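*Asks:* One structure, pasted below without further comment.
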Amino acid sequence: MRVEIKDQAAKKIRRGIPLIQKEDLKKNDKDLPKEWVEFVDKQGKYIATGYLGKQNKGIGWVVDYSQAAMEPAFFEQLFQQAVDRRQFFFSDETTTAFRLFNGEGDGLGGITVDYYDGYLVVSWYNETIYHFRRMLTDCLQKILHPKGMVEKIRFSSERPESHWVSGEKPHEPLLVLENGVKYATYLDEGYMTGIFLDQKEVRGRLVEGEAIGKRVLNMFSYTGAFSVAAAYGGAVETTSVDLAQRSFPKTKEQFEVNGLSLDQNRIVVMDTFEYFRYAARKELQYDLIVLDPPSFARNKKKTFSVLKDYGRLIEGSLDILASKGTIIASTNASNYAIEKFQLAIEQVFKERKVSYHLKESYRLPADFPVIEQLAESNYLKVLLYEIQKR
């Protein structure tokens, strides 16, 4: 099937941007074809091959620029190339969980594949690419022979959000390693597995010594992965704060599987801003604070948006940070440019008249390749600041 695109879209694709937007199409049909399509210009000249379908951002992806047949051999080669690029991770005995295929960064937008010690977690972000799931999972099966495979449906659908596809289910929790630290994971519990693999380098920094001898506060802690990494790396105490009730047993389990006592590792179920106020009243102080909020969150009382409210997190952190301390500020908001993110943080530092130094910054790790021309594909931004209060 051929689909005509506008002149600007053709130029964009030729520059190497693979994401197709609704406004790129000459005609907007309500029913998108569940098949591979050839994008052509107004003269009918071939531009690229790809697909269209319902997804959260955009309306489809370019897959190939050479009119190659969209057959198993093409995708086997694509997956094999991704595997070959990750031989370092396969050979690293201290890390057994990583991103195996990162959507458009590896040549096929709308699908990601994560590797968990021999098991595969396949996430589908587009309804049409999901239509080809049997062919694509067969290709993965042929190349990797995984112990088992589970899929996550991440586009709007009436299907269950998580579904076991093939192979044996692991005894849970499935313990994986990252930087030598154990993490308890659950591969078929909704969207979440228990660990966000894109933060491996930041957690690795905590393991390697950034947290040694420090009192660490981990806000929006989820299952406490940053806290466990800090404790493993020599923190004298950690405090994990999250509003979700499930965070307590999940975080407790992460410490237990590493043989770490809870005596110096507190777990608090509380709203982040309430905890800032509580800690200030109790005159608690921390040497290192990790801020890794969701892009958007809502509870019964209020909403939180990274774009609007991150400055408030910095303000609350400064109130309970030691006179000389560290803040690790993180966001995965794809629509928040790193320059604006940094500006929002440093504006608060200036208003509060603290001395600050941006010691390190992190983007997505090597197993999460991105399209340089597509800024939103490199969504992760982590800034590590050293702070000196006056």
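*Asks:* Using alpha carbon centroids, what distance separates region 154-228 and region 321-352, in Å?
*Replies:* Result: 24 Å between the Cα centres.
*Asks:* Hydropathy at least 0.5 by Kyte-Doolittle, axial extent at least 30 angstrom from the Cα trace: which helices of the chain, defined as entire DSSP H runs, fit? Don't skip to the end; give the middle numbers.
*Replies:* On the way: long enough: none.
Both cut-offs are met by no helix.
*Asks:* Tell me the Kirkwood radius of region 196-388: reciprocal of the mean inverse pair distance over distinct alpha-carbon atoms, in Å.
*Replies:* So the Kirkwood estimate lands at 16.8 Å.
*Asks:* Something else now. Stretched out fully, how many nm does the piece from Leu358 to Lys22 gain, at 0.36 nm a residue minus the Cα gap?
*Replies:* Details: separation 336, 0.36 × 336 = 120.96 nm, distance 3.92 nm.
Additional length available on full extension: 117.0 nm.
*Asks:* Now for a different question. Per residue, how big is the convex hull around the C-alpha atoms of region 2-64? Give it to me in cubic angstrom, could you?
*Replies:* On the way: hull volume 4.7 nm³, N = 63.
Dividing the Cα hull volume of region 2-64 by its residue count gives 75 Å³.
*Asks:* Give the distance, in whole Å, between the Cα centre of region 1-75 and the Cα centre of region 84-99.
*Replies:* Comparing the Cα centres of region 1-75 and region 84-99, I get a distance of 33 Å.
*Asks:* Quick check on the chain: of the DSSP beta bridges with both residues there, what percent are antiparallel, nearest 5%? Write down the numbers at each step before the final one.
*Replies:* Values: 51 of 79 bridges.
Percentage antiparallel, nearest 5: 65.
*Asks:* What percent of all Cα-Cα pairs in region 258-324 falls into each 5 Å bin, going from 0 up to the bin containing the maximum distance?
*Replies:* Pairs per bin, as whole percents: 3, 13, 23, 24, 17, 12, 6, 1.
*Asks:* Which value, in Å to one decimal place, does the Kirkwood hydrodynamic radius take for region 61-124 when every pair of different Cα atoms is included? Before the final figure, lay out the partial values.
*Replies:* Details: mean 1/r = 0.0794 Å⁻¹.
Kirkwood radius, region 61-124: 12.6 Å.
*Asks:* Ok, one more. For every helix of n ≥ 4 consecutive DSSP H residues, a contribution of -39,500 (n - 2.57) applies; sum these over the chain, divide by its total residues, and give [θ] at 222 nm rounded to the nearest 500 deg cm²/dmol.
*Replies:* Numbers: 11 runs with 108 residues, N = 390.
Calculated at 222 nm, the ellipticity per residue is -8000 deg cm²/dmol.
*Asks:* Right, something else. Restricting to DSSP loop positions (anything but H, G, I, E, B) with no more than 12 other Cβ atoms inside 10 Å of their own Cβ, which trypsin sites (Lys or Arg not before Pro) remain in region 53-150? Can you show the working numbers first?
*Replies:* Working: sites: Lys54, Lys57, Arg85, Arg86, Arg99, Arg133, Arg134, Lys142, Lys147; in loops: Lys54, Lys57, Arg86, Lys147.
Those satisfying the criteria are Lys57.
*Asks:* Quick one: work out Rg over Rh on the C-alpha atoms of the chain, Rh as Kirkwood radius.
*Replies:* 1.00
*Asks:* Summarise the accessible area of the chain (1.4 Å probe, protein heavy atoms) by the percent that is carbon and sulfur. Walk me through the numbers before you get to the answer.
*Replies:* Details: 8750 of 18140 Å².
So the carbon and sulfur contribution to the accessible surface is 48 percent.
*Asks:* Here is a further query. How long is the gain from Ser91 to Glu346 if the chain were fully straight, where each residue apart is worth 0.36 nm and the alpha carbon distance is subtracted? Don't skip to the end; give the middle numbers.
*Replies:* Values: separation 255, 0.36 × 255 = 91.80 nm, distance 3.97 nm.
Computed gain between Ser91 and Glu346 is 87.8 nm.
*Asks:* OK, next. How much area per residue is accessible in region 72-172 when the probe is 1.4 Å and only protein heavy atoms are counted (Å²)?
*Replies:* On the way: 4450 Å² over 101 residues.
Using a 1.4 Å probe on heavy atoms only, each residue of region 72-172 averages 44 Å².
*Asks:* What is region 72-172 by shape, rounded, prolate or oblate, if you read a ≥ b ≥ c off the alpha carbon gyration tensor as root eigenvalues and call it rounded for a/c under 1.5, prolate for a/b larger than b/c, and oblate otherwise? Intermediate results must be reported in sequence, preceding the final value.
*Replies:* Working: a/c = 1.66, a/b = 1.21, b/c = 1.38.
In terms of gyration-tensor shape, oblate.
The values are calculated or read from the model by the stated rules, or taken from the named source; none is laboratory data. Everything quoted here is computed from the prediction, not taken from an experiment. Because the Cβ atoms are built from the backbone with ideal geometry, glycine has one as well, and the counts that use them run over all protein chains shown. Keep in mind that these areas ignore ligands, DNA and RNA; they rest on the heavy atoms of the full protein, side chains included. Shrake-Rupley method; radii C 1.70, N 1.55, O 1.52, S 1.80 Å.
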